[in-house]
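Visitor: Quick one: the structure is below, questions incoming.
The values are calculated or read from the model by the stated rules, or taken from the named source; none is laboratory data. Values in this document were obtained by computation on a predicted structure and should not be read as measured data. Cβ atoms come from the backbone with ideal geometry, glycine included; neighbour counts cover every protein chain shown. Ligands, DNA and RNA are excluded from the accessible area calculation, which covers all protein heavy atoms including side chains. Shrake-Rupley method; radii C 1.70, N 1.55, O 1.52, S 1.80 Å.
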Amino acid sequence: MTAPAHKKIIWRCPSNIAIVKYWGKKGNQIPCNPSLSMTLSEAYTQVELEITDRKTTNGLELTYLFEGKENKHFQTRIENYIQNNMDDFPLFKEYAVRIHSYNSFPHSTGIASSASAFGAIALAILDAQRDNGIYEDEVFYKRASELARFGSGSACRSIYAGYAEWGYHAAIAGSSDNYAIEMEDVHDNFKQMRDAILIVDNNPKKVGSSAGHALMQDHPYAENRFLQANKHVERVINIISSGDYEEFIKIAESEALTLHAMMMTSENYYLLMKPGTIYVIERITGFREQTNIPVCFTLDAGPNVHLIYPQAFAGEVEGFVNIELKKDLKEIIFDKIGNGPEKLN
Ligand code: PMV
């Protein structure tokens, strides 16, 4: 491969929120169960990748900036990512490269940014190496999804708009452990969904997701959990195409609590929920009971709550959040389902 030097490429990749959770991995970021997520739009990472005209003489030469500043922790993670995938990233064997990365959301929210970060990095690198006409778009996105997965498993789903499924499932055509696929059949009810990210606590997590995934290896409930996730993915795909909010709510909330139950019941158990997490969850379910508005909560591997609701009810739900919940939260990010990554230049 010969990449033309002096090229600058800018990609924006959104984060995603899993409805059916990926928790447990094997080998090189192979998931123990399939998962399904909604791609967001406001919470994204933007990566500017510049190929300099300086030829490398002695391996990887990366200058990395995060929001205009050096960041040793991120730099090391990205260098390791590139080194581990050098065969797929021949660009770095030839040229010194600059990467400048920004998040649209504040750092101190406790929101995991690895999905959007590795999505944007994989897209930018692959695009920089993309010789015109060699990759059809479909192949390009599939490869980007696969390469994003090596950085952070859930990143492979951020490459696609709307709803994305990742992980082989016998009943889902085209599904793979290696990359995600976009759900084509989406009912009108699920086309305009919103996600209010309710920041209960913005401290760094005590246990990172890699350590969490590892604890599924000898987990007493692992086998049943993986079976359950397989069933849930199949059901959610049907629900998204049939428009059934009630069923969606049941699975989304069960998945959120199951994820945390897995952490709490592993041999080296731990707890990521805070009192504020339970408080917010109870307020959300109470609001649903009172109003019959189809809202539900979900959780990432952290204490913050994602409140998912159809856009048609945005007025009522956002009024409830601003009036009733805001005073007990550190921050709120109003996000929504998105159209996937975007190339900016
Ligand atoms: O992509 P990772 O390795 O950071 O794992 C993410 C795991 C969850 O966010 C908890 C669930 C998911 O499917 O996104």
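Visitor: If you take the residues of the range 321-345 that are more than 30 Å from Trp23 (Cβ to Cβ) and modelled with pLDDT of 95 or more, which of them is surrounded by the fewest Cβ atoms within 10 Å (Cβ to Cβ)?
Guide: Taking the range 321-345 and keeping what is more than 30 Å from Trp23 (Cβ to Cβ), we get 322-324, 326-327, 343-345.
With the extra rule that they be modelled with pLDDT of 95 or more, the set shrinks to 322-324, 326-327, 343-344.
Numbers: Asn322: 13, Ile323: 9, Glu324: 14, Lys326: 12, Lys327: 7, Lys343: 11, Leu344: 10.
The extreme case among them is Lys327.
Visitor: Identify all residues within the range 89-131 that are over 23 Å from Leu344 (Cβ atoms) and part of a helix (DSSP H, G or I); write none if there are none.
Guide: The answer is Lys93, Glu94, Ser108, Thr109.
Visitor: Now for a separate question. Could you tell me whether Tyr141 is touching a residue at least 40 places away in the same chain (Cβ under 8 Å) and among the aromatic types (Phe, Trp, Tyr)? Spell out how you get there, then give the answer.
Guide: On the way: touching a residue at least 40 places away in the same chain (Cβ under 8 Å): no; among the aromatic types (Phe, Trp, Tyr): yes.
Against the criterion (touching a residue at least 40 places away in the same chain (Cβ under 8 Å) and among the aromatic types (Phe, Trp, Tyr)), Tyr141 does not qualify.
Visitor: Something else: Inside the range 144-203, counting only strands (runs of 3 or more DSSP E) that do not spill past its ends, which hold 3 or more residues that are more than 13 Å from the ligand (Cβ to nearest atom) and open to solvent by less than 20 Å² (accessible area, probe 1.4 Å)?
Guide: Those strands (runs of 3 or more DSSP E) span 193-199.
Visitor: If Lys69 satisfies all but one of (1) away from the ligand (no atom under 14 Å from the Cβ); (2) surrounded by 17 or more Cβ atoms within 10 Å (Cβ to Cβ), what's the number of the condition it fails?
Guide: (2)
To keep it simple, each residue is scored yes or no on (1) aliphatic (A, V, I, L, M); (2) in contact with a His (Cβ under 7 Å, 6 or more places away or on another chain).
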| residue | (1), (2) |
| --- | --- |
| Ser114 | no, no |
| Gly119 | no, no |
| Gly162 | no, no |
| Ile172 | yes, no |
| Asp195 | no, yes |
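Visitor: Return the total of residues in the range 286-316 being away from the ligand (no atom under 16 Å from the Cβ) and out of contact with any helix residue (DSSP H, G or I) (no Cβ under 8 Å at 6 or more places or on another chain).
Guide: Within the range 286-316, residues that are away from the ligand (no atom under 16 Å from the Cβ) and out of contact with any helix residue (DSSP H, G or I) (no Cβ under 8 Å at 6 or more places or on another chain) number 9.
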